[in-house]
Amino acid sequence: MKERVEKLRGKSRLLSELILAFFALVVLRCFQLQIIKGGLYSELARRNSIFRIELKAPRGRIYDREGRIIAETRASFSLAIIRAFSRSPTETLSEVSKVINIPTSILLERFHSQKNYPKRKPIVIAENLSMKQVSRIEFIKEKFPELVIMAEPLRYYPYPEILSHVLGYVGEATKREIKELGVEMGDFVGKKGLEREYDKELRGKKGYRMMLRDSLGNPLKLEEEAFPEEGEVIKTSLDFRLQRFIFRKMKGKKGGVVVLNPKTGGVLAMVSSPCFNSNKLSSRFENNYKLKMMNSPQEPLYTRTIQGTYPIGSVFKIAVAIAALKKGIIKPEDRIFCPGFFYFGNRNFKCWRTGGHGWVNLYSAIEKSCNVYFYKVGAKLGIEKLVEAISKFPFGRKTGIDLPNEKSGILPSPQWKEKTLGIPWFPGETISLSIGQGYLTATPLQIALFGAAIANRGWYPQPHFLISHGGKGWKGKVNNTGVDKWIFEAVLKGMRRVVEKGTGKAARVAGVEICGKTGTAQIVALEKTREVKSHSIFLGIAPCKDPQVVISVLIERSGEGGEIAAPMAGDILRYYFNEKIKGN
Amino acid sequence: MRRLREIDYGILTSSILLSVLGLVGIWGSKGGNSPYFVKQILWITLSLIVFFLLVIIDYDKLINLSPWLYGGLILSLIPLLRGGGVSSWFKIGGVWFQPSELGKIILPLFLTKIMTKKAPSPLSFPWLVKISAIAGVPIILISFQPDLGTAFIYLSFILSAIIVFGMKKVHVKAALALSILIFIFSWFFLLKGYQKDRIISFLNPSEDTRGRSFQIYQSKVSIGSGKFFGKGLKEISQAKLKFLPAAHTDFIFSVIAESFGFLGVIVVFLLYAVLFLRIFKIGAILDEERAIILLYLTAGWLAFQVVFNLLIAVGLFPVTGFPLPFMSYGGSDLLSSYASLGVVNSILAWRWK
């Protein structure tokens, strides 16, 4: 009896040993959690309850030369949703849809398109809410703590179409931009134009607000905050009124116009047509509009003034004249006979005037845009000397303007042709090039800059829009053509006659001496049945003696340079001088 | 009344101190003005009255009464099953209570009655079956409520009986094999989705912290963030901001650990160690076989529930959900815990007749 009791008592000792062993285990575990990993868990606990709300920085404003705001930031009441607190997004969004009258499908589409968004970062699902909509959201927020109303700075362009290509637009950063620019998901970055070129300067510095929140997401207390800093102010050389005038003139046409100051390189106006709406492209929504713009056969997103590389036609004759004078092939007074055609090899190169121009010298050849004069000069000069003489001019190279994705165009040469096409240069191609045909292409900006080189009698600046950002001014390069001044005086004399009585008469402006050159670039028609009109081009410099302004006009498939581009340039220059006289 | 003089004050003091610490935790997570705090004080008072009542009742009388009590327990568990099988609560005269909690007092009494002077040591196979059946019937009934936490605690009665009487090596091996089979069977046929989730989430703690392992994760964060000295009651963000679910009930230990850090943890363990060591010390001076059996079976379930609640809180065992004896908020559990201590002290007080 006694033995049995002792036996049971003995065995029971295991129970107390087990308990103490488990206690020791739990104490050791607590030691691990609290002492060894205590720092980590403190941080996790803090992250649980401290909620960081990012405050977006307003982008810097952009001004034109006279202090008009052309890009600014406006406060928008935006509705956002925080995924971490969202239990049923479909339910929440259908409720939201009812109170703000935006279809649930659109809200859901936006919500689901942000799958990679951090769970605790608010995803904006509606912008620019009215006060009425805001108060309605506030009403249902009680039920849905994942909803947040934010006063957020959004980019706003007062003239979204007039300046579309110059200013560009902004948008939420893509994965690539996040990596390259060091921004965060959901940040706005410049996508095009000056917005993209000066994105870093315009971006500003984000602020934040640390809120204490409970597990349901209800905000309890403000812990810490830092206000955002606005981005740098950018002043540009643009003249808004001139830009608007050109914009209106170009409506319905395809092409580009560039007006710049030849001395400073400051761009006064740059219009590429057709345009787009910067406000709509900067929106997080408007997907239909974005698709429409991207897929439009009119290619409105394409900046024709710096990305459109066009054959420039007779404008190039000026370059040929400069090369020939520099190399001593001709003198300005030398006369050449134009019978209306020129045999070279076994090909017949025609002049545009069937009967020919008779005897012409440099001035009358430029005035009348005589082809045969330049065929003969070009043939005598040869391709190597031609390319060498004008290698310092802005052809076939980027101008370095402060806009992204500029194209360089082509200044053809035997080396270039061998390298890119793998076939040798034919002597006949030199003849075509002498009147600006063949492989030669240039952008309207390059044409204008070529005009600046002539206007300055030998040098040209780097073109730009920036006057200053955050108080820091523009510093550009100056290029020297290496051509003597008298040569420019000679061609300018011819160009003066173009506008006075030649092909560019339509560009005449009363009281202003204008030098110019027309260009008519024939386009190779792919369909022989359809008549394709030429690109109409005009390069203008005014006033001739001390030029203040250079203009290049290119209108696609519209007709002769003297008929379409010249009168347009004339109107623009007239506006420029009239307004200027009134203004200053 | 002279029996009250025999009470072990070490046991009484440590259990009351644990309850006070529990109150502090409830105050910290729910606030001093919350109904939880006041109610808990009432429950502790009531539990102490039950404790003293049980001390002055001869435990022998309870053992003799136990077949009837056991019968009543089984019957009271059945209507719940009929009433839809959703609740483990029972209402008598306007007061809700859980018969399964009462069972924690009854089962040790009944097993003592059955085993005393009959069960061989080590236990034979028929006796293993008998003990398993006596505990197994309420386990099955409670599992269907479904209250897996309490059913799990009931396993402690079988375990304690086996520890006290010992088991043959053959049976140990067979039991191991059988439990593996039972686990596989119940995984595919018995366990509900959410129960499986708990086990899975325990095995993969790195999963989504918002999902199924949320509780374990948050409990670990609470404990860990307490560091050495704790954050103090006013700064316990985890419990106060509701990141720690069931902070005042099943996870009260985590609240204490967050508030008072590793120091608080040591205090809790010292109190529990004193409590159990004092209980086991009684075992050393007992002469009666039934007294020894009853003592260990009673202490067994208490220890079992304490140990597993803590293992869950520190993330070493999957969540099933049951309170921490003496500390967690909740009347039924406090009552059964203090009543068990009453029985223990009754054994001490009535060792001489």
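FYI, it's all coordinate maths here, none of it is from the lab. From a predicted model like this one, the values you see are computed outputs, not experimental measurements. Here the Cβ positions follow ideal geometry from the backbone for every residue, glycine too, while neighbour counts run over all protein chains shown.
For the stretch A:51-236, the Cβ-based charge dipole about the Cα centre amounts to some 360 debye (Lys, Arg positive; Asp, Glu negative; other atoms uncharged). Percent relative contact order of chain A, based on C-alpha pairs within less than 8 angstrom and at least six residues apart? With pairs under 8 Å counted, the relative contact order is 13 percent. Ranking of A:250, B:327, A:294, A:131 by neighbouring Cβ atoms within 10 Å, starting from the fewest: A:131, A:294, A:250, B:327.
Here's how it looks for residue A:170: its modeled amide H is under 5 Å from those of A:191, A:282, which are all 5 or more places away or on a different chain. For the stretch A:51-236, the gyration tensor built on C-alpha atoms gives a prolate shape. Its axis ratio a/c (a ≥ b ≥ c) is at least 1.5, and a/b is the larger of a/b and b/c. Report, ordered by chain and residue number, the lysines lying within cross-link reach of residue A:37, taken as a straight Cα distance under 19 Å and ignoring same-chain residues fewer than 8 apart. Cross-link targets: B:220, B:227, B:231. Placing +1 on the Cβ of every Lys and Arg and -1 on the Cβ of every Asp and Glu, with no other charges, gives the protein assembly as shown a dipole of roughly 1260 debye about its Cα centre. Spin-label pair residue B:143-residue A:185: with each label point 7 Å from Cα along the Cα-Cβ axis, the two points sit 4.4 nm from one another. Counting only residues at least eight positions apart within a chain, or on another chain, the aspartates and glutamates with an alpha carbon under 20 Å from that of residue A:501 are A:333, A:367, A:489, A:513, A:560, A:563, A:571.
For the set A:290/A:472; A:200/A:290; A:253/A:407, the pairs lying more than 28 angstrom apart at their alpha carbons are A:290/A:472.
Across the options A:89, A:285, A:60, the greatest Cα extent toward the positive end of the charge dipole of chain A (unit charges at beta carbon of Lys, Arg, Asp, Glu) belongs to A:89. Each of B:340, A:401, B:156 was placed along the dipole of the protein assembly as shown (beta-carbon charges, centred on the mean Cα), and the one lying farthest toward the positive end is A:401.
Taking a point 7 angstrom from the Cα of residue A:439 along the C-beta vector, which residues in the stretch A:397-429 have backbone N less than 19 Å away? Under cut-off, by backbone N: A:397-398, A:407-429. Does chain B come out rounded, prolate or oblate, given a ≥ b ≥ c as the square roots of the eigenvalues of its C-alpha gyration tensor, rounded meaning a/c under 1.5 and, failing that, prolate meaning a/b above b/c? Oblate shape, in that a/c is at least 1.5 and b/c is the bigger or equal ratio. Determine, from the Cβ-Cβ distance of residue A:90 and residue B:234 and an R0 of 30 Å, the FRET efficiency 1/(1 + (r/R0)^6), rounded to the nearest 0.05. The calculated FRET efficiency here is 0.15. Once whole DSSP H runs in chain B are found, which of them have Cα atoms spread over 30 Å or more along the helix axis and a mean Kyte-Doolittle score of at least -1.0? The qualifying helices are B:9-30, B:35-56, B:59-82, B:252-285, B:289-313. Take every pair of alpha-carbon atoms less than 8 Å apart whose residues are at least six positions apart; their mean separation over the length of chain B yields a relative contact order of 31 percent. When the charge dipole of the protein assembly as shown is built from unit charges on Cβ atoms (+1 for Lys and Arg, -1 for Asp and Glu) and taken about the Cα centre, the candidate among A:236, A:264, B:171 whose Cα reaches farthest toward its positive end is A:264. The calculated FRET efficiency for the pair residue A:359 and residue A:489, based on their C-beta separation and a Förster distance of 25 Å, comes to about 0.65. Once you've got the Cα coordinates, tell me which of A:398/A:475; A:475/A:517; B:113/B:173; A:326/A:493 are over 21 Å apart. In this structure, A:475/A:517; B:113/B:173 lie more than 21 Å apart at Cα. A simple spin-label model places the labels of residue A:405 and residue B:124 9.3 nm from each other, with each point 7 Å out along Cα-to-Cβ. For chain A, the equivalent ellipsoid built from the Cα gyration tensor has semi-axes of 69, 26, 21 Å, listed from largest to smallest.
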